[in-house]
Amino acid sequence: MKALDELTFDNRFARLGDAFSTHVLPEPIDRPRLVVASPAAMALLDLDPEVAQSPVFAELFGGHKLWAEAEPRAMVYSGHQFGSYNPQLGDGRGLLLGEVYNAAGEHWDLHLKGAGQTPYSRMGDGRAVLRSSIREFLASEALHALGIPTTRALCVIGSDTPVWREKQERAAMLLRMSPSHVRFGHFEYFYYTKRPEQQKQLGEHVLAMHFPACLEQPEPYLAMFREVVERNAELIAKWQAYGFCHGVMNTDNMSILGVTFDFGPFAFLDDFDAHFICNHSDDQGRYSFSNQVPIGQWNLSALAQALTPFISVEALRETLGLFLPLFQAHYLDLMRRRLGLTSAEDEDQKLVERLLQLMQGSSVDYSLFFRHLGDESAELAVARLRDDFVDRQGFDAWADLYKARVARDPVQGQELRRERMHAVNPLYILRNYLAQKAIDAAEQGDYSEVRRLHAVLSKPFEQQAVMDSYAERPPEWGKHLEISCSS
Ligand code: AMP
Ligand code: MG
């Protein structure tokens with residue numbers, strides 16, 4: 001276990017030089033204090049969880065102090081936002097403080113979000129509000145606990161610094177961690193500004209640091225692109241299987257590592273709705289829940305365009321063609337498991353599709369449906385769940401198919417079934433209304449609910465003895481919360 005001053009830095013991205021990032025110092029926030037810290041994320045840096053309580057922790061992650069070996073940099077990138085190319089992006093309010101490596105030799109970027117203005121701030125104030133910082137913290141750590149690849153969050157530091165959004169709010173900082181902060185938009189930036197030398201330097205850096213196995217392949221860039229396609233297919237399959245809606249899948253919010261990245265107005269589905277739009281400024285529904293799959297492919301094709309200096313168009317096209325079949329395979333595998341099936345049959349896809357059709361327009365809580373399906377035998381569970389469906393006859397027909405399918409599964413036994421299903425079907429998810437209750441208290445200076453919710457969500461599959469029921473369906477008001485996109 002390390003103390004805070006024992007972190008070891010190795011700032012590989014900073015060493016790429018000024019074409020890739022600009023040196024900027026964090027601007028401190030007033031009266032920095034710990035809102036919440038993640039012991040699991042601290043463990044990735046070998047940090048003793050106790051150090052989060054020390055004043056110096058809040059000072060470091062509130063922009064007041066810096067390690068001598070840190071080299072804070074604002075990264076430059078561009079990207080496609082809502083389908084249109086924006087050449088003017090970059091870290092407008094976040095700084096890569098440096099890269100820390102742990103005892104296992106893993107490097108972690110320390111990225112401080114809300115650290116003040118940079119050359120890429122455009123009209124922005126460089127700040128992040130408490131509300132959005134808490135949401136990103138909770139979502140990062142909750143997704144990780146669900147087994148969904150994501151950037152991590154070390155802590156949120158609150159302050160007295162006023163910031164203006166729709167109303168006056170308080171500034172906060174979030175310390176985000178990831179093995180890399182390189183986005184699709186990094187490659188697009190050097191491609192569209194026609195700087196092949198620097199694009200190559202970036203490509204070689206990413207290959208050497210994050211895809212070393214691809215360097216052994218005859219065409220390393222193609223092998224890397226293939227892996228990015230594979231990772232995104234798997235990531236988006238997990239989002240779809242668990243009802244996670246990212247909300248702003250612009251290419252500058254897509255990680256080259258295929259992890260969930262840059263949280264804005266995201267949401268987990270409460271009642272199932274394939275057309276759900278969590279971002280209230282997304283009028284066209286470009287990033288609606290079901291569109292995440294074609295948009296994932298669209299984003300990969302934007303990355304492919306930026307990689308044309310390194311890879312032939314035919315090879316890129318062929319590799320892009322892997323996305324949908326890979327997505328389908330991962331998705332179906334996850335959904336089979338959510339249904340408690342241990343084997344594959346040709347008709348399983350139809351079984352899943354039909355279930356979702358029946359859920360659409362009913363008031364079926366997407367997460368709890370699967371959880372409760374595993375509570376009892378298939379026979380008893382479907383009998384209990386049918387009341388939430390509008391088309392009960394349709395559901396009964398589905399239930400007959402499902403019971404017959406369960407009876408054909410090679411692994412039988414109710415105890416095993418419950419265990420297997422509960423291990424993949426969470427009891428607790430980050431519902432918007434739960435986040436909102438924690439945020440309302442935090443805005444009044446009470447951080448206990450944020451901490452409690454974080455603790456509950458860090459074990460989403462285990463029934464926990466908590467006073468309030470975090471596992472309940474949302475109240476009516478909680479289903480229709482308008483989550484502001486300002487952050
Ligand atoms: P986002 O919607 O958070 O992914 O941000 C899109 C772009 O706007 C990124 O380049 C951000 O750095 C920048 N940005 C967002 N909010 C601010 C802010 N308050 N101040 C400066 N830049 C910002
Ligand atoms: Mg972003």
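Since every read-out is calculated from the coordinates, none of them should be taken as a lab result. Just so you know, these numbers come straight off a predicted model, no measurement behind them. Counting neighbours? That spans all protein chains shown, and the Cβs are built from the backbone with ideal geometry, glycine included.
For the reader, a short list of remarks on this structure follows.
- Other residues with beta-carbon under 14 Å from the beta-carbon of LYS65 carry, at +1 per Lys or Arg and -1 per Asp or Glu, a net charge of -4.
- FRET E, pair ARG451, ASN102, Förster distance 25 Å, beta-carbon r, rounded to 0.05: 0.55
- Paramagnetic label zone (point 7 Å from Cα along Cα-to-C-beta, ARG122; backbone N under 14 Å) in segment 57-92: 77-92
- Pair GLU216, GLN349: separation of 7 Å Cα→Cβ label points (nm): 3.3
- For segment 413-440, the residues whose amide N sits under 19 Å from a probe point set 7 Å from the Cα of SER363 along the beta carbon direction are 431-434.
- Reported to the nearest whole Å, the Cα centre-to-centre distance from segment 381-434 to segment 20-67 is 43.
- Euclidean distance between Cα centres, segment 215-230 to segment 154-188, Å: 32
- Charge context of SER281, other residues only, Cβ under 13 angstrom, K/R +1, D/E -1: -3
- Overall form of segment 1-109 per C-alpha gyration tensor (a/c, 1.5; a/b vs b/c): prolate
- Cα gyration tensor category, rounded, prolate or oblate, for segment 217-332 with a/c compared to 1.5: prolate
- Here each label is just a point 7 Å from Cα along the line to Cβ, and for GLU69 and ASP18 those points are 2.6 nm apart.
- GLY90 long-range amide H proximity, modeled H, under 5 Å: TYR77
- When the listed pairs LYS113/LYS238; LYS238/LYS479; LYS113/LYS200; LYS238/LYS350 are checked against a 30 Å cut-off, every alpha-carbon distance falls at or below it.
- Prolate/oblate/rounded label for segment 4-184 (Cα gyration tensor, a/c 1.5): rounded
- Between GLN464 and VAL411, the C-beta separation translates, for a Förster distance of 25 Å, into a calculated FRET efficiency of about 0.35.
- Interchain or long-range residues, amide H under 5 Å from VAL36's placed H: VAL156
- Nearest 10 degrees, 0 to 90: helix 220-242 Cα axis against the chain principal axis: 50
- Kirkwood's formula applied to the C-alpha pairs of the chain gives a hydrodynamic radius of 23.5 angstrom.
- Look at where the Cα atoms of segment 241-294 and of segment 348-379 average out, and the two centres are 21 Å apart.
- Note on ASP48 and GLN393: their simple-model spin labels are 6.9 nm apart, each label 7 Å out from Cα toward Cβ.
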